[in-house]
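Trainee: Sharing a structure below in structure tokens format, with a few things to ask.
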Amino acid sequence: MTSSGNRWAGVPLSLAVAAVLLTACQGGPTSGASTTTTAAAPASPRTDVTATPGTTAMDGRTIESPGSQACASPALDAIRQKLGDVAAQVQAGTASATENQGMKETNCTFSLVPVPQGQDADPGNALTVSTDVYPDADSLAKVGLPRLMISPKPVDGAGERAWYARNQLSSSTEYVLESVSKNVVTRITLALPVQAAPVDQPQDKLTALLNSR
């Protein structure tokens, strides 16, 4: 897993308790570790969508109000078309937004199954699309990319630079594509319960979804 001195820059908070999840995610596989090891696999943290706009999170980020069209792209039809059967029941996205030292992040979680009223989507059974916009090239250069990925490999045809990885967690499998274009980093995570069948050609599907935005 790639890391840097500012390891957590540009990474969303947990849906549950941000501090606990950020601490739990600090472990990672050592050099030569198997990509199927679940204990060391890093989860992809997400922003707390229930936080009140204007408040400051524990890591210094300011919670903002996402625009009404924050999760309009990718459209639900595009998600179904690009991902196939795994997204047959995909739900409308739930948006959150933060700002920290000029970096603005928008996070959209599309549940892959119906969500009971009053409950949050399960991040382990959802498509999550996060977009980080950095104020300039210098601030982006300080970010260690790719982030929170086990054995990432370069991907062509997905922005100026891109990486793909499969993160095996204890309760879910994450298929992750992270792409950079100018000062914008887009991260697409398709997370499925660990008992779900493997996704066929996930890298190609996530790349097609990225390019449909």
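Trainee: Convert each backbone phi in the stretch 91-103 into a coupling constant with the Karplus relation 6.51 cos²θ - 1.76 cosθ + 1.60 (shift: θ = phi - 60°), then list the ³J(HN,Hα) values in order as whole Hz, x for Gly and Pro.
Mentor: These are the phi-based 3J(HN,Hα) values: 9, 4, x, 9, 9, 8, 8, 9, 9, 8, 6, x, 8 Hz.
Trainee: Here's another thing I want to ask about it. Apply the Karplus curve 6.51 cos²θ - 1.76 cosθ + 1.60, θ = phi - 60°, to the phi angles in the stretch 118-131 and return the couplings in whole Hz, x for Gly and Pro.
Mentor: Each residue's phi maps through the Karplus curve to give x, 10, 8, 5, 7, x, x, 9, 7, 9, 10, 10, 10, 10 Hz.
Trainee: Shifting gears a bit: What lysines does Lys82 reach when the alpha-carbon gap must be under 20 Å and sequence neighbours fewer than 8 apart in one chain are set aside?
Mentor: Lys205
Trainee: Ordered by residue, what ³J(HN,Hα) values in Hz, to whole numbers, does the stretch 107-116 give under the Karplus form 6.51 cos²θ - 1.76 cosθ + 1.60, where θ = phi - 60° and Gly and Pro are x?
Mentor: For the stretch 107-116, the Karplus curve yields 10, 10, 10, 10, 5, 8, 9, x, 10, x Hz.
Trainee: Ok, one more. So how do 164-171, 93-100 stack up, highest first, on mean other-Cβ count within 10 Å?
Mentor: Highest-to-lowest ranking by the protection proxy: 93-100, 164-171.
Trainee: Let me ask another. What lysines does Lys104 reach when the alpha-carbon gap must be under 22 Å and sequence neighbours fewer than 8 apart in one chain are set aside?
Mentor: Lys104 reaches Lys142, Lys182.
Trainee: Cα gyration tensor of the stretch 71-213, axes a ≥ b ≥ c as square roots of the eigenvalues: rounded (a/c below 1.5), prolate (a/b > b/c) or oblate?
Mentor: Prolate.
Trainee: Among residues other than Glu99 whose Cβ falls under 13 Å from its Cβ, what is the net charge (Lys/Arg +1, Asp/Glu -1)?
Mentor: -2
Trainee: For the stretch 145-188, which GluC sites (Glu not before Pro) pass both filters: DSSP loop (anything but H, G, I, E, B) and at most 12 other C-beta atoms within 10 Å?
Mentor: Glu160
Trainee: Between Asp200 and Thr56, how high is the FRET efficiency from 1/(1 + (r/R0)^6) when r is the Cβ-Cβ distance and R₀ = 35 Å? Nearest 0.05.
Mentor: FRET efficiency, Asp200 to Thr56: 0.25.
All of the numbers you see were taken from the coordinates with simple rules; none came from a lab. Note that the structure is a prediction, hence the values are computed from the model and not measured. Counting neighbours? That spans all protein chains shown, and the Cβs are built from the backbone with ideal geometry, glycine included.
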